[in-house]
Amino acid sequence: MAVELTAPAVPARRVSARHFVRLKLRVMGNNFRGQGWRIALFVVGALFGLWLAGTGFVLFATPGFADDGRYAPMVAAFGGGLLVLGWLLLPLVFFGVDETLDPARFALLPLPRRTLVTGL
């Protein structure tokens, strides 16, 4: 049995990234509710991340302060490439997949599929 496709009567409205950020923050807030150890681990993880960011900045800035700056662009490019590859691949290898923005989790929300795909 064939189903006839028709255009929607009202075009889908645009959804900004702000809505998805609010949804992500709400999911995180609900996960933290009533569990102090999760909040403590989140704060420790955030501080550790800031420490790693500062260390990375110092490591990338150090070759520029050397007397002979011939290798500074090469070190920065190589380090930046490793950083990007690590950012992309390590979460998939070690931590699994983040399912908080999975479209199946938004099935109960009154959002059309097209809007969800556009936002993702």
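Any read-out appearing in this document is the output of simple, stated calculations on the displayed coordinates, not a laboratory observation. Predicted model only: the values in this text are computed from it and were never measured. Using ideal geometry, Cβ is built from the backbone for each residue, glycine included, and neighbour counts are taken over all protein chains shown.
Here are some notes:
- Between residue 105 and residue 51, the simple label model (points 7 Å from Cα in the Cβ direction) yields a spacing of 2.8 nm.
- Loop-located trypsin sites (Lys or Arg not before Pro) across segment 7-57 with a Cβ neighbour count of 14 or fewer within 10 Å are 13, 14, 33, with loop assigned by DSSP.
- FRET efficiency, residue 40 to residue 70 (Cβ-Cβ, R0 41 Å, nearest 0.05): 0.35
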